[in-house]
């Protein structure tokens, strides 16, 4: 099974494919392969989970009081068998199989906050350069930009709170099933 990005297979930035889709296409990225491997292990009776992070997806299997990691982000080998559980990867945001799901939204929240912060800095820099080219005394306009900063921060905080609310709602809905 070959590795292909979701953008070329499904015309999407990120697509969590079903095993049938993966087998019919004959290719997928790390999350598709992890889903397929996990499904096969579950069908054989193993306690397997797909672990999704912001940059990579892998499979964890609990087998005979050992932990088996398949395509783990910090492993040099494709399969690692360990007596102890590896330390949690910070960017992990979901651990699931066909029976249960465990959301860990902190990694997504931090990543989202960083994206908002960098976007704001780029927009502020672009605005400063624009003002420098048009006006003789840009310092007055820079102070005006910082005056609008609180409104931008209010907007970012509201988006952030809505995002956290949606993640908590999804987590709650999965726990009541």
With each label point set 7 Å from Cα along the Cα-Cβ vector, what nm distance links residue 157 and residue 172?
-> 2.2
FRET E, pair residue 43, residue 7, Förster distance 25 Å, beta-carbon r, rounded to 0.05 | 0.25
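Computed from the coordinates by the stated procedures, all read-outs in this text should not be read as laboratory data. From a predicted model like this one, the values you see are computed outputs, not experimental measurements. For neighbour counting, all protein chains shown are included, and Cβ atoms are generated from backbone atoms with ideal geometry for every residue, glycine included.
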